[in-house]
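In what follows, a single structure is set out as structure tokens and then discussed.
The values are calculated or read from the model by the stated rules, or taken from the named source; none is laboratory data. Since we're looking at a predicted model, the values are computed, not measured. With ideal geometry, Cβ positions are generated from the backbone for all residues, glycine too; neighbour counts draw on all protein chains shown.
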Amino acid sequence: MKKILITGGSGLVGKKITEQLEREDYEVAWLSRSPKEGRKTFIWDVEKQEIDPYAMRWADAIIHLAGAGVADKRWTEKRKREILDSRVESTRLLFEAARTEEEKPKVIVSASAVGYYGMDTGDTLLNEEDKPGDDFLAEVVKKWEKEVKHFESLHIRTVMLRIGIVLASEGGALSEILRPPVAAPLGTGEQFMSWIHLSDLARMFRHALFNDSVHGVYNAVGPKPVTNRELTEKAAKAKGKPFVNVGVPKAVLRVVLGEMAQMVLGGNKVSSLKIQSAGYKFRYNDIGDALGQLFYQYKE
């Protein structure tokens, strides 16, 4: 497989995957609503359910990352519908495009999310066989994964990576954690955060793409989850910012964030054992190593 089609390629994760694949001389194209300068692009419009038919004929494999940002805006009813539809409808459009082609991509590796388990699952260690939650994000992920699974009926190897909190030097969760002048835990600070270094996440997509034995659902999280307090304190130290060990009150977060506060006040402790058993070897096992690379730019 040499030709990889990526949806959501211009995002944080998509750019990193593209960088890694092109470094190894794979051909990468993005699906986008508009052409991207210097990038092979196929045009699609999810709302209109339109896609360049040549995209599927060109692609050997698909990496599916498209979806409205969960934490980008306050959760109004309209925004919640956008979060759901952007995932379900984009997946449905890809499926219909693949279904009508005689020569189909051999594999699809789709993003999913640990939100599948619910926004607050305490300190129970969760694996891929555990039951889904019943809150908004869990419902989104369940419907999203249901659409992705349809690719199996086309005899396309199908992989879903339930992504945790992505740590990157620019963008992602760390930017929000370190945005205030003084870093502080959220709520009690004892909620677990199942994190993954951006480089490991991109490499995991590559691992899933090129290993035929990898199929189904895998948690895309590092081996050692940490509490919100530990992550915030260590990130602040690595960044050289002051840290106060006094949690931002839950009531304040609920006023500022509305329903979305559940996402930051809750947490998940998620196992990475299945993906490790499938042969993936983490580069960043420990939060200290991950933050050290991100803030001091050790060579990857």
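Some values worked out for this structure:
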read-out: Residue count, segment 25-40 (criterion: assigned to a loop (DSSP other than H, G, I, E, B) and under 22 Å from residue 163 (Cβ atoms)); value: 1
read-out: Residue among 80, 73 that is modelled with pLDDT under 95, touching a helix residue (DSSP H, G or I) at 6+ places or on another chain (Cβ under 8 Å) and over 20 Å from residue 149 (Cβ atoms); value: 73
read-out: Identity of the residue in segment 262-300, outside any helix (DSSP H, G or I) and among the polar types (S, T, N, Q), that ends up surrounded by the fewest Cβ atoms within 10 Å (Cβ to Cβ); value: 297
read-out: Residue count, segment 55-94 (criterion: within 24 Å of residue 152 (Cβ to Cβ) and not in a loop (DSSP other than H, G, I, E, B)); value: 19
read-out: Listing of helices (runs of 4 or more DSSP H) fully contained in segment 170-261 that carry 2 or more residues being closer than 29 Å to residue 74 by Cβ and over 20 Å from the mean Cα position of the chain (by Cα); value: 228-239, 250-257
read-out: Within segment 232-277, considering residues that are aliphatic (A, V, I, L, M) and without any contact (Cβ under 8 Å) to a residue 60 or more places away in the chain, the one farthest from residue 120 (Cα to Cα); value: 238
read-out: Residue within segment 137-145 that is of a type in the set (Lys, Arg), touching a residue at least 40 places away in the same chain (Cβ under 8 Å) and out of contact with any Cys (no Cβ under 8 Å at 6 or more places or on another chain) present; value: yes
read-out: Counted residues, segment 98-146 - those being part of a loop (DSSP other than H, G, I, E, B), of a type in the set (D, E, K, R) and closer than 26 Å to residue 1 by Cβ; value: 6
read-out: Long-range neighbours under 9 Å by Cβ, at least six apart or interchain, first residue without any contact (Cβ under 8 Å) to a residue 40 or more places away in the chain within segment 1-30, second assigned to a loop (DSSP other than H, G, I, E, B) and of a type in the set (D, E, K, R); value: 25/2; 26/2; 27/2; 27/40; 27/60; 28/40; 29/40; 30/40
read-out: Segment 222-254 - residue that is in contact with a Leu (Cβ under 7 Å, 6 or more places away or on another chain) and hydrophobic (A, V, I, L, M, F, W, C) and, of those, surrounded by the fewest Cβ atoms within 10 Å (Cβ to Cβ); value: 248
read-out: Subset tally (residues that are more than 19 Å from residue 66 (Cα to Cα), charged (D, E, K, R), in contact with a strand residue (DSSP E or B) (Cβ under 6 Å, 6 or more places away or on another chain) and crowded, with 16+ Cβ neighbours inside 10 Å) for segment 91-146; value: 1
read-out: Qualifying positions in segment 251-260 - in contact with a helix residue (DSSP H, G or I) (Cβ under 6 Å, 6 or more places away or on another chain) and closer than 16 Å to residue 177 by Cα; value: 253
read-out: Index of the failed condition, residue 43 passing every other in (1) surrounded by fewer than 18 Cβ atoms within 10 Å (Cβ to Cβ); (2) in contact (Cβ under 8 Å) with a residue 24 or more places away in the chain; (3) hydrophobic (A, V, I, L, M, F, W, C); (4) not in a loop (DSSP other than H, G, I, E, B); value: (2)
